[in-house]
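Asks: What follows is a structure written as structure tokens; I'll ask about it next.
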């Protein structure tokens, strides 16, 4: 990487690709990363857990296509990992990626993670020490983004997003998922919220004969659908997001970066 390249990429904003679960963030972000020499930081509160791969739709090594991914497999299910922890982690990774002349790309659907980063939330307890409790933090104004970010959101018509979620759930219910949930239950039980945040509960009930396969898939779909609606409600409050159809994301980001490099 030449000095000229390093200087060029230093003016390129940190790209943030966001949207509801199942919207195709992973695939398009990898395509963008390959085109602009980028590296990806996950902003997903579900994929931080080790061993929770199939049920969280975590990108496999093959799906990552050689693009470095950060923010995956950070802690074991049940271990404490707060939004403050993620913000600190993401800021360190952004600095490291930029230092090596690459473009940081934040990808995910956890709105609180993204807000904490772009609005530079400060997490402080009564005595000033940093903590991770959302209720006790001091937040900056959400109307002013603190830093150089390009926020791009993926939008889908409701019926198409529902169809994508249904298809993904149908594909998830296979032997790999059954093996995964069995191992997770054996190692961690049901004591942590992490185990209840995805489709594992319904897959386990299917394996135990408490639900039919179709019932388990239906309940899993509605869990994802309700999550998607909550995510969109959260993101719609952010006026700085450029919302585009899926096929528009890649050309828009590339053109934006090319314009930035010409300045």
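Asks: Find the relative contact order for the range 160-227 and round it to a whole percent, using C-alpha pairs within less than 8 Å whose residues are 6+ positions apart.
Replies: 40 percent
Asks: Only bridges with both residues in the chain count here: give the DSSP antiparallel percent, nearest 5.
Replies: That works out to approximately 5 percent antiparallel.
Asks: Could you put 103, 185 in order, starting from the residue whose Cβ has the fewest other Cβ atoms within 10 Å? Could the numbers behind the result be given before it?
Replies: On the way: 103 23, 185 16.
Listing 103, 185 from fewest to most nearby Cβ atoms yields 185, 103.
Asks: So, one more: Can you tell me the 0 to 90 degree angle between the C-alpha axis of helix 213-235 and the longest principal axis of the chain, rounded to 10?
Replies: That helix lies at roughly 30 degrees to the long axis.
Asks: While we're here: Tell me, in nm to one decimal, what length is gained between residue 61 and residue 192 on full extension, where the rule is 0.36 nm per residue of separation less the Cα-Cα distance?
Replies: Working it through step by step, the gained length comes to 44.5 nm.
Asks: A further question on this structure: Rounded to the nearest Å, what's the spacing between the alpha carbon centres of the range 174-216 and the range 24-68? Just the number, please.
Replies: 23 Å
Asks: What does the helix-only formula give at 222 nm for the chain: each DSSP H stretch with n ≥ 4 adding -39500 (n - 2.57), the total divided by the residues, and the result rounded to the nearest 500 deg cm²/dmol?
Replies: Values: 10 runs with 126 residues, N = 263.
Roughly -15000 deg cm²/dmol at 222 nm, from the helical runs in the chain.
Asks: Report the extension gain between residue 168 and residue 182 in nm, rounded to one decimal, defined as 0.36 nm multiplied by the number of residues separating them, less their alpha carbon distance.
Replies: Working it through step by step, the gained length comes to 3.0 nm.
Asks: Here is a follow-up. Among 217, 205, rank each residue by its count of other Cβ atoms within 10 Å, from fewest to most, as a rough exposure measure.
Replies: Ordered from fewest to most neighbouring Cβ atoms within 10 Å, 217, 205 come out as 205, 217.
Asks: Sticking with this one: Rank 212, 23, 42 by mean-square fluctuation in a GNM of the chain with C-alpha springs under 10 angstrom and give only the top-ranked residue.
Replies: In the Gaussian network model the winner is 212.
Asks: In addition: Would you look at the GNM of the chain, springs on alpha carbons closer than 10 Å, and say which of 50, 193, 64 moves the most?
Replies: Most flexible of the set in this elastic network: 193.
Asks: Moving to a separate point now. Could you put 201, 79 in order, starting from the residue whose Cβ has the fewest other Cβ atoms within 10 Å? Could the numbers behind the result be given before it?
Replies: Details: 201 19, 79 12.
In increasing order of surrounding Cβ atoms, one gets 79, 201.
Asks: Using Cα pairs under 8 angstrom and six or more residues apart, how large is the relative contact order of the chain, in percent?
Replies: Relative contact order for the chain comes out at 28 percent.
Asks: Work out, in µm²/s and without decimals, the Stokes-Einstein translational diffusion coefficient of the range 155-263 at 25 °C, 0.890 mPa s, Rh from Kirkwood over C-alpha pairs.
Replies: 148 µm²/s
Asks: Next question. Pick out which of 187, 238, 166 has the largest mean-square fluctuation in a Gaussian network model of the chain, springs linking Cα atoms closer than 10 Å.
Replies: Maximum among the listed residues: 187.
The numbers here are math on the coordinates, done by the rules we state, and not lab data. Remember, it's a predicted structure, so these values are computed and weren't measured experimentally. Cβ atoms come from the backbone with ideal geometry, glycine included; neighbour counts cover every protein chain shown.
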